[in-house]
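Undergrad: If you scroll down you'll find the structure; I have some questions about it.
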Amino acid sequence: MSDVHAEIRALVTSEPIVLFMKGTRAQPQCGFSARVVDVLDELVADYVTRDVMSDPALREGIKTFSDWPTLPQLYVQGKLVGGADIVTEMHASGELAALIRAAVPDASAPGDVQPEILVSEAAIQAFSRFAETTKPEVRLAIDRDFDVVLELEEPRPGDLVIDLGGLLLSMDRRTAQRANGVTIDFVEKANGFKIDNPNKPATVRPLSVEDYAAMRQSGKPHLLLDVRTPAEREIARIEGSELLDDEMMERLMELERTTPIVCQCHHGVRSQNAAQQLVAIGFREVYNLSGGIAAWSQRVDPKVPAY
């Protein structure tokens, strides 16, 4: 554990703001972590996070290092600030903003960083028709799940406003953090707006056993992870699968995050949870085998024993 403590100490003393949390900044895995991320996103554009869910040693080590039993934990200038409740209270009083300004006096707040957003001429013309004005005011909102709302609305107090020539686009600070690279177009055939956001996190993709059989036949490189127990693998296994154990987890941490991964269990429940954790640590193409090995045995390969 001392090695973990040394790593933690080196991190919190070298970085002005560090959040130890469940999940990632883009995809928190618990409500308390999400709450602290929301607060920090309002106050500062850049800070360091560490996902304790992907590293059991770190998860236990940070608790003993800080002598604080719960997560998340926020450190500013090497000192523990606290968890979600303390961070929320300090934010409401203004104390946290002052603490962060002292830690990173030259850092920009999210609202000071203007995202690059491309609005097509077709979209500008559509907004103009709907607003019945030559330069409409449009408000963009992107929530934590990256769902998007576009409304003809005046800027609200504190909003970032971008003059795109043909329209004024406004958004709050949290949206600005999630909007860099967004493109907004209008599709005449669908009579609706098309919005692409490169910042949207990856999600677990369901994969039927038939489609997985086709993937195997096509020769597409991928990793098939069996998240069942070793005892279950003794009963039945899909050829080419590898057990998701501690050794495999170490291998995964070294893999390119673009590696396609298929997760498989007995019926598809445990593998869904495992797949979500892989997405949380950054893998972009993760599939869950729907129905698991039971469906594979029944509908694709009856030589695999059913149990």
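Each value in this text was obtained by applying a stated rule to the coordinates, not by laboratory testing. Everything quoted here is computed from the prediction, not taken from an experiment. Every residue, glycine as well, gets a Cβ built from its backbone with ideal geometry; the counts of neighbours run over all protein chains shown.
Undergrad: Let me test this: with uniform point scatterers at the alpha carbons of the range 112-196, what is the Debye-based log₁₀ I(q)/I(0) at q = 0.14, 0.15, 0.20 1/Å?
TA: For the requested q values the scattering log ratios are -0.43, -0.49, -0.89.
Undergrad: Report the label-to-label distance for K79 and A122 in nanometres (one decimal), using points 7 Å from each Cα along the Cα→Cβ vector.
TA: Label at K79, label at A122, 5.6 nm between them.
Undergrad: Continuing with the same structure: Cα extents of the range 194-307 along the three principal axes, largest first, in whole Å?
TA: The Cα atoms of the range 194-307 stretch 45, 34, 25 Å along the principal axes, largest first.
Undergrad: Note down the nm distance, to one decimal, between modelled labels 7 Å out along Cα→Cβ at R284 and at R257.
TA: 0.9 nm
Undergrad: Okay, moving on. Using θ = phi - 60° and the Karplus form 6.51 cos²θ - 1.76 cosθ + 1.60, what ³J(HN,Hα) does each residue of the range 270-280 get, whole Hz, x for Gly and Pro?
TA: 4, 5, 5, 5, 5, 4, 5, 5, 5, 4, 5
Undergrad: Return the long-range amide H neighbours of V119 (sequence gap of 5 or more, or a different chain), with a cut-off of under 5 Å between placed amide H atoms.
TA: Those lying under 5 Å, H to H, from V119 are I184.
Undergrad: Amide H neighbours of L164 under 5 Å, at least 5 residues apart or on other chains, H built in the peptide plane: list them.
TA: L169
Undergrad: Could I have the simple spin-label model distance between N273 and S2, label points 7 Å from Cα toward Cβ, reported in nm to one decimal?
TA: That separation, rounded to one decimal, is 3.6 nm.
Undergrad: Once Rh is set to the Kirkwood radius over Cα pairs, what Stokes-Einstein translational diffusion coefficient, in µm²/s, holds for the range 2-107 at a temperature of 10 °C and a viscosity of 1.306 mPa s?
TA: On the way: Rh = 13.6 Å.
The Stokes-Einstein estimate is 117 µm²/s.
Undergrad: Also, quick follow-up: L223's amide H: which non-local residues (gap 5+, or another chain) put their own amide H closer than 5 Å, with H modeled 1.01 Å from N in plane and none for Pro or chain starts?
TA: Residues meeting the amide H criterion: I261, V262.
Undergrad: Counting every Cα pair in the range 106-259, what percent are over 26 Å apart? Display every interim value, and only then the final one.
TA: Details: 5894 of 11781 pairs.
Within the range 106-259, distances greater than 26 Å cover 50 percent of Cα pairs.
Undergrad: Which ³J(HN,Hα) values in Hz, rounded to whole numbers, follow from the phi angles of the range 55-64 under the Karplus curve 6.51 cos²θ - 1.76 cosθ + 1.60, where θ = phi - 60° and Gly and Pro get x?
TA: With coefficients 6.51, -1.76 and 1.60, one gets 9, x, 5, 5, 4, 7, x, 5, 5, 6 Hz.
Undergrad: Along the range 66-77, what does the Karplus equation 6.51 cos²θ - 1.76 cosθ + 1.60 (θ = phi - 60°) give for ³J(HN,Hα), rounded to whole Hz, x for Gly and Pro?
TA: 8, 6, 10, x, 10, 10, x, 9, 9, 10, 10, 6
Undergrad: For W68, W296, what ranking results if the residue with the fewest other Cβ atoms within 10 Å of its Cβ goes first? Don't skip to the answer; put the middle values down first.
TA: On the way: W68 14, W296 21.
By the 10 Å Cβ count, ascending: W68, W296.
Undergrad: Taking R0 as 35 Å, what FRET efficiency do you get between E151 and E188 from their Cβ-Cβ distance, rounded to the nearest 0.05?
TA: Details: r = 21 Å, r/R0 = 0.59.
Calculated transfer efficiency: 0.95.
Undergrad: Another one. Which percent, to the nearest 5, of DSSP beta bridges fully inside the chain are antiparallel?
TA: Details: 22 of 43 bridges.
Counting DSSP beta bridges with both partners in the chain, the antiparallel share is about 50 percent.
Undergrad: Go ahead and set up a Gaussian network model of the chain, Cα springs under 10 Å, then flag whichever of M21, M248, M171 fluctuates most.
TA: M248
Undergrad: Taking the square root of 5 times each eigenvalue of the Cα gyration tensor, what semi-axes in Å does the equivalent ellipsoid of the chain have, largest first? Could you put the intermediate results ahead of the total?
TA: On the way: eigenvalues 312, 202, 36 Å².
Listed largest to smallest, the semi-axes of the chain are 40, 32, 13 Å.
Undergrad: Hey, could you pull the Cα Rg and Dmax for the range 117-161, both in Å?
TA: My reading of the Cα-based Rg and Dmax gives 11.4, 32 Å.
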